[in-house]
1. For D5 and D29, what does the FRET efficiency come to when R0 = 30 Å and r is the distance between their Cβ atoms, rounded to the nearest 0.05?
2. Could you derive backbone 3J(HN,Hα) for the stretch 26-43 from the dihedral phi with the Karplus parameters 6.51, -1.76 and 1.60 (θ = phi - 60°), listing whole Hz in sequence and x where the residue is Gly or Pro?
3. Expected output is a single nm value to one decimal: the length gained when fully extending between F40 and F18, i.e. 0.36 nm times separation in residues minus the C-alpha distance. What is it?
Amino acid sequence: MRQLDDEGAARDVVQETFVRAWRAADRFDPSLASLRVWLFAIARNLVVGDRMGPDNGAPAGGRPGSLRASLHQPRPCRRHAIS
């Protein structure tokens, strides 16, 4: 993931990409895009979402590059899925 300057953050994005792909496997439609394109779209959305943050412009966690922090500190509405 060249967009991220942190190898650890890149690994987190790759892992989260596959987790999301696994959870959304029933929504994958090979007639719309290849698996590669679909996975890259998920990864891109993760990276862009991290840079934009939940407030459409404010970096997630109040600082840029906080994907790792947001993955390790999920939103309260998502904590039940991990517990």
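Each reported figure results from applying straightforward, stated rules to the coordinates on display, with no laboratory input. Keep in mind that what you see is a predicted model, and the values were worked out from it rather than measured. Virtual Cβ from ideal backbone geometry, glycine too; neighbours counted across all protein chains shown.
1. That gives a FRET efficiency of 0.35.
2. So the Karplus estimates, Gly and Pro as x, are 5, 9, 6, 10, x, 6, 8, 6, 6, 4, 4, 4, 4, 5, 5, 5, 4, 4 Hz.
3. 6.9 nm
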